[in-house]
Amino acid sequence: MMHTGTPVTVLGLGLMGGALAGAFLRAGHPTTVWNRTTAKADDLVARGAALAGSPAAAIAAAPLVVVCVSDYDAVADVLDGPLDGRVVVNLTSGTPSRARALAEVVARRGGGYLDGGIMAVPEAVGTAEAVLAYSGPRALYDAHASALGSLGTGRHLGDDPGLAATHEMATVVLMWGMLNGFLNGAAILGTAGVSASAYLPIAQTAIGTVAGWLPGYARQADDGVYPAHDGTIDTHLAAMTHVVEESGSLGVNAELPRLARALAERAAAAGHGASGYAALVEQFRRP
Ligand SMILES: NC(=O)c1ccc[n+]([C@@H]2O[C@H](COP(=O)([O-])OP(=O)(O)OC[C@H]3O[C@@H](n4cnc5c(N)ncnc54)[C@H](OP(=O)(O)O)[C@@H]3O)[C@@H](O)[C@H]2O)c1
């Protein structure tokens, strides 16, 4: 393979780091790799990657250094040294505050910092389906957007390095909400002898329908006014109470509908009984 793109370094070759390095290689970037457990580099080296003997040697090998390890403590272990002229792209999951703190550490060591969140599984990396969200100085992102494009569809969210991790938090909360709702629904239907697979067509249609409501809900959440175009919170409350009670009778877990009811009760107590469902955002905005 001809390696003609920007030289890159990948630190961390777990499931995700290995996929990132593989995508850089496929796109023709001279790729240097390092991993604590060296054997995980074997396949990449066979495909043309250069194996560095230490994180410092790997960092010295390329201007663009991608880090993807388990957590921020591991990031601190591998980025222990000078970073002059390097742009560090940290794709390790973490919190916004740790991303901002790491950006300052990298700057003190002479490097530039972009934080990133990978909204994809390793198999999708290197395809347009993989979305990678970045935050940090726009100029740094623009300078490396082409190389980072080898990993998937890149989106720059803003100059604050904490923004990618904040979006990641918001997105996993959304994902858990959908998955918990589906699994809770499957448990309810299981009491009637209906399999989760049989529930699938209705569940997928419902998720699509609710997704179509989001632009209106987003507008209401931003404006702070919640006209009830569909059901009011009081109407939802009645349905939530039925589901909580019936879950008890059926012998299935009622925590999720109880949480929904508790939030709706607080919204109603705050004067939003006749408001639309988007008024619940005020409950989520409280600690
Ligand atoms: N997998 C996914 O689908 C996915 C999706 C989005 C985001 N992510 C994020 O990507 C990151 C990596 O995930 P992964 O799935 O690749 O995990 P993984 O397969 O468990 O790999 C973890 C990596 O971190 C390294 N590591 C851990 N502690 C270290 C330390 N103290 N010093 C040096 N290296 C250390 C491991 O090295 P050894 O090989 O030596 O153990 C390995 O390379 C995580 O932050 C994860 O949240 C993953």
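The values are calculated or read from the model by the stated rules, or taken from the named source; none is laboratory data. It should be emphasised that the depicted structure is a prediction, and the values quoted were computed from it without experimental measurement. Surface accessibility is based on the protein's heavy atoms, side chains included, excluding ligands, DNA and RNA. Shrake-Rupley method; radii C 1.70, N 1.55, O 1.52, S 1.80 Å.
Just checking the listed ones, GLY18, GLY271, GLY112: in the Gaussian network model of the chain with Cα springs under 10 Å, the one fluctuating most is GLY271.
How high is the relative contact order of the chain? Use alpha-carbon pairs under 8 Å, at least six apart in sequence, and give a whole percent. Display every interim value, and only then the final one.
Details: 475 pairs, mean separation 33.5, N = 287.
Across the chain, relative contact order equals 12 percent.
GNM on the chain, alpha-carbon springs under 10 angstrom: the most fluctuating residue among TRP213, TRP176, TRP34 is TRP213.
Segment ASN180..ALA56, full-extension length gain: 40.3 nm, with 0.36 nm per residue of separation and the alpha-carbon distance subtracted. The angle between the Cα long axis of helix 138-148 and the longest principal axis of the Cα atoms of the chain comes to about 80 degrees, rounded to the nearest 10. Using only alpha-carbon positions in region 134-230, the gyration tensor eigenvalues give semi-axes of 36, 21, 12 Å once each is multiplied by 5 and square-rooted (largest first). Between helix 255-267 and the chain, what is the angle of the helix's C-alpha long axis to the longest principal axis, kept within 0 to 90° and rounded to the nearest 10? Helix 255-267 and the main axis of the chain meet at about 70 degrees. Rolling a 1.4 Å probe across the protein heavy atoms gives the chain an accessible surface of 51 Å² per residue. Tell me the angle of helix 96-108 to the major Cα principal axis of the chain, expressed in degrees between 0 and 90 and rounded to the nearest ten. Helix 96-108 sits at roughly 20 degrees to that axis.
Looking at the square roots a ≥ b ≥ c of the eigenvalues of the Cα gyration tensor of the chain, which shape do they give, rounded for a/c under 1.5, prolate if a/b is larger than b/c, or oblate? Here the chain falls in the prolate category.
Across the accessible surface of the chain, with the other protein chains kept in place and a 1.4 Å probe, carbon and sulfur atoms take up 60 percent. Considering only ALA147, ALA238, ALA49, the mean-square fluctuation computed in a Gaussian network model of the chain, springs between alpha carbons under 10 angstrom, is largest for ALA238.
Is region 68-218 rounded, prolate or oblate when judged by the Cα gyration tensor, a ≥ b ≥ c being the square roots of its eigenvalues, rounded requiring a/c under 1.5 and prolate requiring a/b larger than b/c? It comes out prolate by the Cα gyration axes.
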